[in-house]
Amino acid sequence: MIEVKNLTKQYGVKKAIDNISFTVQDGEILGFLGPNGAGKSTTMNILTGYISSTEGKALINGIDILDEPIKAKKNIGYLPEQPPLYLDMTVKEYLNFIYDIKKCKLPRKAHIEDVCRLVKITDVYNRILRNLSKGYKQRVGLAQALIDNPQILILDEPTVGLDPKQIIEIRTLIKKLGKKHTVILSSHILSEIQAVCDRVIIINKGVIAADDTTENLTSKITTDHKLIARIDAPKEEALKLIKTMPGVISVVADMEREKGVYDYEIETKEGTDLRRELFKRIVSRNWVLLGLKTNEMTLEDIFLKITMGDSVVIPKEDNSKTEAVQADSNNEINASDNAADETQNPEADSTEENTDGGEE
């Protein structure tokens with residue numbers, strides 16, 4: 001478990017982070033988000049013992065990272081945004097080196113082979129790191145974080161440089177690791193965080209602006225309660241049916257999507273869930289329900305509302321009392337920073353390799 005208590009980091013008169021507190025439970029996958037300059041990297045660097053805090057504590061499985069750094073770091077596997085690789089080594093030499101400096105007690109050969117299979121680098125095991133594509137280097141960086149099977153994984157942009165297929169593979173791996181590890185995951189690809197993480201923390205201007213699941217943040221931020229139903233039915237009859245349902249405020253039929261098929265935008269009262277009843281009524285009339293979705297905000301929508309100056313107030317439960325956490329504006333944010341680079345095909349685009357996808 002990770003406990004952050006009243007953590008502050010000050011550089012001169014500027015506070016990079018200001019009295020932040022949060023907890024990450026065992027087996028939880030936490031998405032840690034923030035715009036550039038918000039204090040995200042500072043917090044992660046303190047958690048890994050790379051820098052010290054000015055005030056407060058960071059506890060790793062109950063161990064203070066400042067008081068007992070070596071003991072605390074035994075519990076951590078860390079992948080920074082730029083993988084810490086020695087480029088003149090082969091993958092084999094590098095992972096054996098990491099095994100030694102971590103003083104790993106697991107069976108050397110079997111453990112390293114297992115890690116290589118997990119991150120899919122077995123085919124480049126004997127190649128020199130300098131000659132690998134960016135995607136392979138990223139996966140080797142993830143492999144070093146997994147050496148010694150640490151209880152806690154802190155991953156900063158783990159999919160940067162990977163192609164879409166590799167991103168899906170790493171997502172699947174992270175979800176699998178989350179069953180036995182505590183994971184903090186940072187990424188600028190917000191759809192990735194939404195797909196993988198149990199909970200998200202958004203830090204903005206050095207303070208925590210949001211801490212909850214994506215679903216709960218949506219309900220707290222928006223008062224919009226809408227369903228989109230795609231129905232194959234006579235338009236006027238469908239409108240009349242839906243309008244008479246309990247809890248419906250309004251219903252509007254969108255353009256005809258195909259012959260006889262319309263999208264109906266249904267606004268309901270707060271707390272109303274009419275999905276099951278709507279389905280029953282449509283079926284009873286021998287109509288066809290072709291699609292039904294809630295008009296929920298994406299994590300990207302939530303992130304931008306909190307960090308781009310919409311003055312969003314998020315209620316936060318604390319010891320059965322509700323307090324408001326005010327998210328300040330930050331007009332200097334570029335939420336899509338480097339997003340294009342993160343989804344490129346490393347085997348095709350790397351300037352350090354030729355067409356074999358591995359060595360020059």
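Computed from the coordinates by the stated procedures, all read-outs in this text should not be read as laboratory data. Since the model is a prediction, treat every value here as computed from it, not as a measurement.
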| request: Report, by chain and number, residues whose modeled amide H sits under 5 Å from the one on Ile203, excluding near sequence neighbours (fewer than 5 apart, same chain). | output: Leu33, Gly34, Ala209
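Among the listed pairs Lys220/Lys280; Lys74/Lys109; Lys220/Lys269; Lys109/Lys180, which have their C-alpha atoms separated by more than 26 angstrom in this model? Write out the running numbers ahead of the final one.
Numbers: Lys220/Lys280 30 Å; Lys74/Lys109 20 Å; Lys220/Lys269 15 Å; Lys109/Lys180 22 Å.
Check vs 26 Å cut-off fails for Lys220/Lys280.
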| What is the pair-distance distribution P(r) of the stretch 123-174, computed from all Cα-Cα distances in 5 Å bins starting at 0, with each bin given as a whole percent? | 4, 18, 30, 24, 17, 6, 0
| remark: Given backbone amide H placed at 1.01 Å from N, residues whose amide H is under 5 Å from that of Thr159, ignoring those fewer than 5 places away on the same chain, are none
| query | Could you give me the ³J(HN,Hα) list for the stretch 2-7, computed from phi with Karplus coefficients 6.51, -1.76, 1.60 and θ = phi - 60°, whole Hz, x at Gly and Pro? | reply | 10, 10, 10, 10, 6, 7
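Too long at a 29 Å Cα-Cα cut-off: which of Lys5/Lys73; Lys240/Lys293; Lys134/Lys305; Lys5/Lys305; Lys103/Lys165; Lys57/Lys92?
Details: Lys5/Lys73 18 Å; Lys240/Lys293 20 Å; Lys134/Lys305 33 Å; Lys5/Lys305 27 Å; Lys103/Lys165 34 Å; Lys57/Lys92 37 Å.
Beyond 29 Å: Lys134/Lys305; Lys103/Lys165; Lys57/Lys92.
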| Whole-angstrom gap from the stretch 1-21 to the stretch 169-236, using each part's C-alpha centre | 25
| said: From the phi angles alone, apply the Karplus equation (6.51, -1.76, 1.60; θ = phi - 60°) to the stretch 141-157 and give each ³J(HN,Hα) in whole Hz, x where the residue is Gly or Pro. | reply: x, 5, 4, 5, 5, 8, 4, 6, 6, x, 6, 10, 10, 10, 10, 9, 6
| task | Taking amide H positions as placed in the peptide plane 1.01 Å from N, state which residues far from Leu292 in sequence (5 or more) or on other chains have amide H under 5 Å from it. | result | Arg230
| Using Cα pairs under 8 angstrom and six or more residues apart, how large is the relative contact order of the stretch 223-294, in percent? | 45
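Note down the Stokes-Einstein diffusion coefficient of the stretch 207-307 in µm²/s, whole number, using a Kirkwood radius over alpha carbon pairs, 10 °C, and 1.306 mPa s. Don't jump to the answer; show the numbers that get you there.
Numbers: Rh = 14.9 Å.
For these conditions, the coefficient is 107 µm²/s.
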| request: Read phi for every residue in the stretch 65-71 and hand back ³J(HN,Hα) as whole Hz from Karplus 6.51 cos²θ - 1.76 cosθ + 1.60, θ = phi - 60°, with x for Gly and Pro. | output: 5, 7, 6, 9, x, 5, 5
